[in-house]
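> Sharing a structure below in structure tokens format, with a few things to ask.
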Amino acid sequence: MSVDLDDDRSLVVPDGLSIRRRRHARSWSTRDLITALAEASFIATGLRETISPEQVRGIEEHSEPIPYATLRLLARGLDCDPVDLLSS
């Protein structure tokens, strides 16, 4: 069975520590990351899409599975390739 990563229902496992390191490298708080996600989303799509502080915490601390669309949103906000944020 193949997984269509463009399908928003497909869950992926992010590398939470990598996401946290990238956020800290920019000296961003969780709130700063959420704002950056909304701004990057607005530039890309015209919509201010973001995630909640609880979602950020779950991703960073527990590498909770997320939809690939959320991984793409994180990658846009952190200015990197979504593959760079996947757990290996």
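> Of all residues in region 35-59, which are open to solvent by less than 80 Å² (accessible area, probe 1.4 Å) and in contact with a helix residue (DSSP H, G or I) (Cβ under 7 Å, 6 or more places away or on another chain)?
Matches in region 35-59: Ala36, Leu37, Ala40, Ser41, Ala44, Thr50, Ile51, Pro53, Val56, Ile59.
> Any residue in region 60-84 that is free of Cβ contacts under 8 Å to residues at least 24 places away in the same chain and open to solvent by less than 20 Å² (accessible area, probe 1.4 Å) sitting within a Cβ distance under 8 Å of a residue that is among the hydrophobic types (A, V, I, L, M, F, W, C) and in a helix (DSSP H, G or I)? List the pairs, counting only those 6 or more apart or interchain.
Note: pairs meeting the criteria are Ala75/Leu85.
> Further question on the same structure: I'm trying to understand the selection: among the residues of region 60-75, which are over 8 Å from the mean Cα position of the chain (by Cα) and either over 12 Å from Pro14 (Cβ atoms) or not acidic (Asp, Glu) (or both)?
Selection gives His62, Ser63, Pro65, Ile66, Pro67, Tyr68, Ala69.
> Then there is this: Of the residues Ser10, Ser18, only one is within 11 Å of the chain's Cα centre (by Cα), within 21 Å of Ser88 (Cα to Cα), among the polar types (S, T, N, Q) and open to solvent by less than 60 Å² (accessible area, probe 1.4 Å); which?
Unique residue meeting the criteria: Ser18.
> I've got another one for you. When region 18-34 is examined, which residues are found to be touching a residue at least 12 places away in the same chain (Cβ under 8 Å) and more than 15 Å from Cys80 (Cα to Cα)?
Thr30, Arg31, Ile34, listed by residue number.
> Go through (1) more than 26 Å from Ser88 (Cβ to Cβ); (2) not in a helix (DSSP H, G or I) and name the single condition Trp28 misses.
Unmet condition: (1).
The values are calculated or read from the model by the stated rules, or taken from the named source; none is laboratory data. These numbers were taken from a predicted model, which means no experiment stands behind them. Reconstructed Cβ throughout: ideal geometry from the backbone, glycine too, with neighbour counts over all protein chains shown. Note: areas computed on protein heavy atoms with side chains; ligands, DNA, RNA excluded. Shrake-Rupley method; radii C 1.70, N 1.55, O 1.52, S 1.80 Å.
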